[in-house]
1. What's the total number of residues in the range 69-109 that are under 19 Å from the mean Cα position of the chain (by Cα), assigned to a strand (DSSP E or B) and β-branched (Val, Ile, Thr)?
2. When the range 43-72 is examined, which residues are found to be in contact (Cβ under 8 Å) with a residue 24 or more places away in the chain and open to solvent by less than 70 Å² (accessible area, probe 1.4 Å)?
3. Restricting attention to the range 13-42, which residues are among the polar types (S, T, N, Q), in contact with a strand residue (DSSP E or B) (Cβ under 9 Å, 6 or more places away or on another chain) and surrounded by 11 or more Cβ atoms within 10 Å (Cβ to Cβ)?
4. Within the range 1-16, can you find the residues that are within 30 Å of THR75 (Cα to Cα) and either assigned to a loop (DSSP other than H, G, I, E, B) or modelled with pLDDT of 90 or more (or both)?
5. Identify, from the list LEU72, LEU77, LEU84, the residue that is closer than 23 Å to GLN11 by Cβ and in contact with a Pro (Cβ under 6 Å, 6 or more places away or on another chain).
6. With (1) among the polar types (S, T, N, Q); (2) under 30 Å from GLY104 (Cβ atoms); (3) in contact with a Ser or Thr (Cβ under 6 Å, 6 or more places away or on another chain); (4) surrounded by 14 or more Cβ atoms within 10 Å (Cβ to Cβ) as the list, and SER78 as the residue in question, which single condition is left unmet?
Amino acid sequence: MVPGHDPTGPQTVQRWFNTAAFAAPAYGYYGNAGRNILRGPGMVKWDVSLLKSFRVRESLAFQLRGEAYNVLNRTNLSGVSAALGSANYGQVTSARDPRSIQIGLKMEF
């Protein structure tokens, strides 16, 4: 880590942390940056499930179920490139799954 530079950055997709705060150490030496000093993007994910059971007879019932994962469809970024000297150094390289919805019908007898 370069002395006098703060590693926190603007936290955008193109530049998640201050890339000028880091430099390669001299050959044969370890750097002075500690472990886990960079924090990646957080995650906010709401999952919702609704179900309704219908009894037709004493021995026959149906269950209708609807499930939605990441129901707010928030973009959850992941995968910040921290490889010094790479082409995408300091950039967010991927995102987690978008909203998905599934509906199911179950028969119980």
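The values are calculated or read from the model by the stated rules, or taken from the named source; none is laboratory data. Given the structure is predicted, the values throughout are model-derived calculations rather than measurements. Every residue, glycine as well, gets a Cβ built from its backbone with ideal geometry; the counts of neighbours run over all protein chains shown. For the accessible areas, the whole protein counts, side chains as well, though only heavy atoms, and no ligand, DNA or RNA atoms are used. Shrake-Rupley method; radii C 1.70, N 1.55, O 1.52, S 1.80 Å.
1. Residues that pass the stated criteria total 4.
2. Initially, the range 43-72 is screened for residues in contact (Cβ under 8 Å) with a residue 24 or more places away in the chain, giving 43-47, 59-72.
Hits for the range 43-72 are VAL44, LEU60, ALA61, PHE62, GLN63, GLY66, GLU67, ALA68, ASN70, VAL71.
3. So the first thing to find is which residues in the range 13-42 are among the polar types (S, T, N, Q), and the list is 14, 18-19, 32, 36.
Subsequent filtering for residues that are in contact with a strand residue (DSSP E or B) (Cβ under 9 Å, 6 or more places away or on another chain) retains 14, 18.
The one that is among the polar types (S, T, N, Q), in contact with a strand residue (DSSP E or B) (Cβ under 9 Å, 6 or more places away or on another chain) and surrounded by 11 or more Cβ atoms within 10 Å (Cβ to Cβ): ASN18.
4. Of the residues in the range 1-16, the ones within 30 Å of THR75 (Cα to Cα) are 5-16.
Correct list: HIS5, ASP6, PRO7, GLY9, PRO10, GLN11, THR12, VAL13, GLN14, ARG15, TRP16.
5. Numbers: LEU72 fails: in contact with a Pro (Cβ under 6 Å, 6 or more places away or on another chain); LEU84 fails: in contact with a Pro (Cβ under 6 Å, 6 or more places away or on another chain).
Exactly one of LEU72, LEU77, LEU84 is closer than 23 Å to GLN11 by Cβ and in contact with a Pro (Cβ under 6 Å, 6 or more places away or on another chain), namely LEU77.
6. SER78 satisfies all of (1) among the polar types (S, T, N, Q); (2) under 30 Å from GLY104 (Cβ atoms); (3) in contact with a Ser or Thr (Cβ under 6 Å, 6 or more places away or on another chain); (4) surrounded by 14 or more Cβ atoms within 10 Å (Cβ to Cβ) except (4).
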